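The values are calculated or read from the model by the stated rules, or taken from the named source; none is laboratory data. Predicted model, so just to flag it, every value in this text is computed and none were measured. Neighbour counts are summed over all protein chains in view; Cβ atoms, including those assigned to glycine, are modelled from backbone coordinates with ideal geometry.
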Amino acid sequence: MIYVKRDEKNQIIDICFDQKPDYVKSSIFNEEVKNFIQKTDNQETVKRIMYDLDLDMVRITEDVIDVLIKKEILLFTDFPEAVQNKLLFKRFLRQSLSQNGLSYSDDDESIQFN
């Protein structure tokens, strides 16, 4: 889901992936959204959108790995040691947050650990 912010002329001025005040739900298939991305002069906005997507994809990848391991399609030991260490450390960090009643992220789709 994406959300857009509009100016007084009803033109899109920003896009984000979590609901914020003054942002309304939209669709990636909306022509206005496509035009905003393609025609924006603000490269920082595009970079921020890409960065946000990259972070989301990291979490999706971690979840897919967990599912594949649980279904025994992959073995944890199939991954190189460096990858195993990163996955284990990330799990440890999430568990530590959970024990402190904290969440991993501030967005609406985050997994709450309390």
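I'd like to know if region 9-21 contains one or more residues that are of a type in the set (Asp, Glu) and surrounded by fewer than 14 Cβ atoms within 10 Å (Cβ to Cβ). No, that holds for no residue. Just one of the numbered conditions (1) modelled with pLDDT under 90; (2) over 30 Å from residue 84 (Cα atoms) is not true of residue 10: (1). Among the residues of region 90-100, is any part of a loop (DSSP other than H, G, I, E, B) and at pLDDT below 90? Within region 90-100, one or more residues are part of a loop (DSSP other than H, G, I, E, B) and at pLDDT below 90. The residues on offer are 6, 59, and the sole one that is surrounded by 12 or more Cβ atoms within 10 Å (Cβ to Cβ) and under 20 Å from residue 89 (Cβ atoms) is 59. Please tell me if residue 54 is more than 20 Å from residue 2 (Cα to Cα) and charged (D, E, K, R). So residue 54 fails the test. Taken over region 25-72, the residue count meeting the criterion of being modelled with pLDDT of 90 or more, basic (Lys, Arg) and assigned to a helix (DSSP H, G or I) is 2.
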